[in-house]
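Read the figures in this text as sums done on the coordinates, not as results from a lab. In this text, all values refer to a predicted model and were calculated from it rather than measured experimentally. Note that each Cβ is placed from the backbone with ideal geometry, even for glycine, and that neighbours are counted across all protein chains shown.
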Amino acid sequence: MSIVLSRRRVMQTSGGAATFAALSAPTAAATTPKVIRLHLNENPYGPSERAKQAMQAALDDGWMYDNEDVAVLRRLIAAKEGLKPENVFICEGSTELLRIAGLIYSGNGKELVAGLPTFTAMLQYASRSGGQVKWVDLDANKKLDLSAMESRVTEKTGAVYICNPNNPTGTVVDSRELRGFIEAVSPRALVLVDEAYIDLVDTPEQTAMAEQVKLGRNVVISRTFSKIHGIAGLRVGYGLARPDIIRRLEEMRISVPNRMGLRAAIASYQDLEFLDFSRKMVRASVAYTSSFFDSLKVAYTPTQANFIMFDTGASSVDFATYMREKSVLVNPLFEPDDTWCRVSMGRMEHMEAFATAARAYFKKT
């Protein structure tokens, strides 16, 4: 699975997988405009017009194998981050990078330390490759507990996974604490910091950990074009790391990004106006939805991403089922919180439809 919808206990029960698939997998009805997709953290405003134009222009070159577009994108990213192209790994969505890292650093008997709940792509691949995931509960504020995670690192630990902002909670850890954590842990194990939502945080210059690559740490920073850039379906992501780590990732590369996705990513990366617009729209939806939860006294986590995790007060599966009947898709099933659900931020009219349906649910319960 490439999304963080599964809870270990639910998925291991006889009907857990079937329930999950029925609630989350797109159906024929889900592809119609009447169904509102608020379950996969997508950007309903993307791709940008510049990205669309780049995709259209790429059609004429579709017959050629691609090399140069990867190099162009690496140079753009390196220049922005103050790194060199050899510090950049371009991949088919950040999921590919997470899986490769899980295979290399946490498979074959190694341990992988991660928070619970969090995004599971790296964790699942490591487990399927013979690794063992050591889960660490979040703290009282539903943030990754870095102190507890550090205490779980042993000589068997191959990697530690930090999703920041964390998915599904949307919370971020203190930047100074994370820098101290990386300094302490990286000599003993790879620290992978998943920054899929870094473009949406209030202070990205403080929250982002790219400077840890400049310092030569044993760290990988994972990012994606699937969120704020709005090209999830084109599968483009990237990682930042020391050249020796990049070479190791390249040796285990599973695939090569497609030309259309690369051209769209190159255009979108430079389209600052569109990125600012998307960020503004997401924050407006977050403010509206947070106010809605406040009005009903529904508990939720303050978010730095394009989704909100909230407490339904009962079964999150029941809530998701009810919302699906109202043509709104949301994301349930997060261990260990059986009652908590995640809603992605759509356009304002989507959030208004969500609020209408959710208000009716909470009133009847």
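In µm²/s, what is D for the range 49-269 at 4 °C and 1.567 mPa s, where D = kT/(6 pi eta Rh) by Stokes-Einstein and Rh is the Kirkwood radius from Cα pairs? Intermediate values should be presented prior to the final figure.
Working: Rh = 17.6 Å.
Reported coefficient: 74 µm²/s.
Over the range 49-269, what is the percentage of antiparallel beta bridges among all DSSP beta bridges, to the nearest 5?
Numbers: 8 of 27 bridges.
Of those bridges, close to 30 percent are antiparallel.
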note = To the nearest 0.05, the calculated FRET efficiency linking Arg176 and Arg247 through their beta-carbon distance, R0 being 25 Å, is 0.20
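Normalised by the empirical 2.2 N^0.38 Å for globular proteins, what value does the Cα Rg of the range 150-285 take?
On the way: Rg = 15.9 Å, N = 136, 2.2 N^0.38 = 14.2 Å.
With N residues counted in the range 150-285, Rg over 2.2 N^0.38 Å equals 1.12.
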key: Longest exposed-site-free window of the chain, the sites being chymotrypsin sites (Phe, Trp or Tyr not before Pro) in a DSSP loop that have at most 11 other C-beta atoms within 10 Å   = 66-365
remark   = One finds the C-alpha centres of the range 281-347 and the range 114-191 to be spaced, in Å, by 24
query = Semi-axes, largest first, in whole Å: what does sqrt of 5 times each Cα gyration tensor eigenvalue give for the range 191-239?
reply = 21, 14, 7
inquiry  = Can you tell me which lysines have their Cα less than 23 Å from the Cα of Lys52? Leave out same-chain residues fewer than eight positions away.
reply    = Lys80, Lys227, Lys280
ask   = For the chain, which DSSP H helices look membrane-span-like by this rule: Cα extent along the axis of 27 Å or more and mean Kyte-Doolittle of at least -0.5?
value = 272-296
task = At a Cα cut-off below 25 Å, give the lysines reachable from Lys297, other chains included and same-chain residues fewer than 8 away excluded.
result = Lys142, Lys143, Lys326, Lys363, Lys364
task = Could you work out the mean projected area of the convex hull around the alpha carbons of the range 73-172, in square nanometres to one decimal?
result = 7.2
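What dipole magnitude, in Debye to the nearest 20, does the range 49-269 give about its Cα centre under +1 on Lys/Arg Cβ and -1 on Asp/Glu Cβ?
Working: 28 positive and 28 negative charges, 59 e Å.
The calculated dipole for the range 49-269 is roughly 280 debye.
Contour minus end-to-end for Asp338 and Glu155, with contour as 0.36 nm per residue of separation and end-to-end as the Cα-Cα distance? It would help to have the intermediate numbers written out before the result.
Numbers: separation 183, 0.36 × 183 = 65.88 nm, distance 3.34 nm.
This chain segment gains 62.5 nm when fully extended.
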key: Segment Thr356-Leu215, extension gain: residue separation times 0.36 nm, minus the distance between their alpha carbons   = 45.8 nm
request  = Give the shape of the range 218-365 as rounded, prolate or oblate, defined through the alpha-carbon gyration tensor: a ≥ b ≥ c are the square roots of its eigenvalues, a/c under 1.5 means rounded, and otherwise the shape is prolate if a/b is larger than b/c and oblate if not.
outcome  = prolate
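Please work out the FRET efficiency for the pair Gln206 and Gln56, using the Cβ-Cβ distance as r and a Förster radius of 22 Å; give the result to the nearest 0.05.
About 0.05, to the nearest 0.05.
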